[in-house]
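The values are calculated or read from the model by the stated rules, or taken from the named source; none is laboratory data. Note that the structure is a prediction, hence the values are computed from the model and not measured. Every residue, glycine as well, gets a Cβ built from its backbone with ideal geometry; the counts of neighbours run over all protein chains shown.
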Amino acid sequence: MKIMLGLLLVAVSMNLSAQNSNHLKGNTMTDFKAGTNEVTFKSQGVKLAGLLFTPKNFDATKKYSTVVFSGPFNQVKEQTGAVYAKKMADLGYVFLTYDPYSYGDSEGEPRNNEHSHFKMESIRDAISYLGTLPFIDNEKIFGLGVCASGGYMPLVAVTDKRLKAIATVSGMMDNRASYFGIMTKEQLMPIFKMANDARQKAYETGDLQYYDALNMESLELGKLDKSSAMYEGYDYYMTKRAGKETYPNYTHKAPMTLMENAPLTSATLYAPYLYTPYLGIIGEKAETGMLTELFYEKCSEPKELYKVSGATHVSLYDIDKDVDRAVARMDEFFKKHSK
């Protein structure tokens, strides 16, 4: 009798524990409408805030192809994600853009922590969230990663086969090569020391230091070569076009500990083992295009590479004539690889 009672108590305890960890309890929205829906869902023990875009003729009793989006370094959901979301929704897709762990309206500490593993977990949990929605066709969930997330999305897709096909835009596919392949030991050591010192101080005092990781504050737009990557970045992030004035939740600053993690990420190392259909999209004039081309060379089949004529790295973030062509090619690719 005592044994039976003990087993019963263990079963009840396990059930309560499962209920308390059930991420469904943290999800919001049951009554979705056509257009933009504000949602939250659980990831890594906290709530993430998202925007779920649906087609104009949305019918919750039907099943839809869906795109989960992860964006460039430090971006929030209202920037590039919303641009692509509206265009893909016009083509009949459901599209989820969200603030990753510690960004924007999402919870998580330290704030604005560009950490590859945290961001990849956010992608996985976003897919899980989509899987709970009755109008999502689970056989037609696709991934889109832009810039930094161009490196994260393929890494997720290597082992997460809920993604039936993925695309990257202006992808930063190999941080390992971008740091260790270009910078010398003498250049790298001071950067790592800065990150290590910041971590030690934060551990001892609770004060985590932030810095201008993209070196934007030292630039003056009028003095930059308009064809340079730095001009593109400044014009996008430090002006009304897509900066804090337009998107108050955005910040160009990141924790100094950033440099402990960033150089360790390489999607290119795992490219031969992707197996998921892959579309790489780059701007014809983008200096970073070579990173996607190198990934593409090593990537498993099926794969496609698309160069948007006249486009640059950042023009594929929000310039209609370039984004429209990227979206059209993505739509074609995703439909080709739908069951």
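Numbers for the structure displayed
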| item | result |
| --- | --- |
| Residue check, E217 of a type in the set (D, E, K, R) and at pLDDT 95 or above | no |
| Filtered residue count, the range 278-317, keeping only those that are over 18 Å from the mean Cα position of the chain (by Cα) and either of a type in the set (K, R) or assigned to a loop (DSSP other than H, G, I, E, B) (or both) | 15 |
| Failed item in (1) assigned to a helix (DSSP H, G or I); (2) over 15 Å from A254 (Cβ atoms); (3) over 23 Å from the mean Cα position of the chain (by Cα), with Y236 passing the rest | (3) |
| Residue under evaluation S65, criteria (1) touching a Lys or Arg at 6+ places or on another chain (Cβ under 9 Å); (2) of a type outside the set (F, W, Y); (3) more than 21 Å from S338 (Cα to Cα); (4) surrounded by fewer than 24 Cβ atoms within 10 Å (Cβ to Cβ), criterion not met | (3) |
| Residue count for the range 171-213, restricted to those that are part of a loop (DSSP other than H, G, I, E, B) and among the small types (G, A, S) | 4 |
| Meets criteria (within 19 Å of V76 (Cβ to Cβ) and at pLDDT below 95) for G222 | no |
| A195 being under 22 Å from E287 (Cα atoms) and touching a helix residue (DSSP H, G or I) at 6+ places or on another chain (Cβ under 6 Å) | no |
| Boolean, T168 is in a strand (DSSP E or B), in contact (Cβ under 8 Å) with a residue 12 or more places away in the chain and not acidic (D, E) | yes |
| Qualifying position, being touching a helix residue (DSSP H, G or I) at 6+ places or on another chain (Cβ under 8 Å), over 20 Å from S170 (Cβ atoms) and touching a residue at least 60 places away in the same chain (Cβ under 8 Å), among P263, P255 | P255 |
| Residue list for the range 97-110, filter: more than 11 Å from the chain's Cα centre (by Cα) and without any contact (Cβ under 8 Å) to a residue 60 or more places away in the chain | S102, E109 |
| From A254, A271, A326, residue being outside any helix (DSSP H, G or I), modelled with pLDDT of 95 or more and among the aliphatic types (A, V, I, L, M) | A254 |
| Hey, F135 under 26 Å from F32 (Cα atoms), surrounded by 24 or more Cβ atoms within 10 Å (Cβ to Cβ) and not polar (S, T, N, Q) or not | no |
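Yes/no matrix, rows are residues, columns are (1) modelled with pLDDT of 95 or more; (2) closer than 13 Å to P72 by Cβ; (3) hydroxyl-bearing (S, T, Y):
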| site | (1), (2), (3) |
| --- | --- |
| Y103 | yes, yes, yes |
| G108 | yes, no, no |
| N113 | yes, no, no |
| G131 | yes, no, no |
| A148 | yes, yes, no |
| A157 | yes, no, no |
| L163 | yes, no, no |
| S170 | yes, yes, yes |
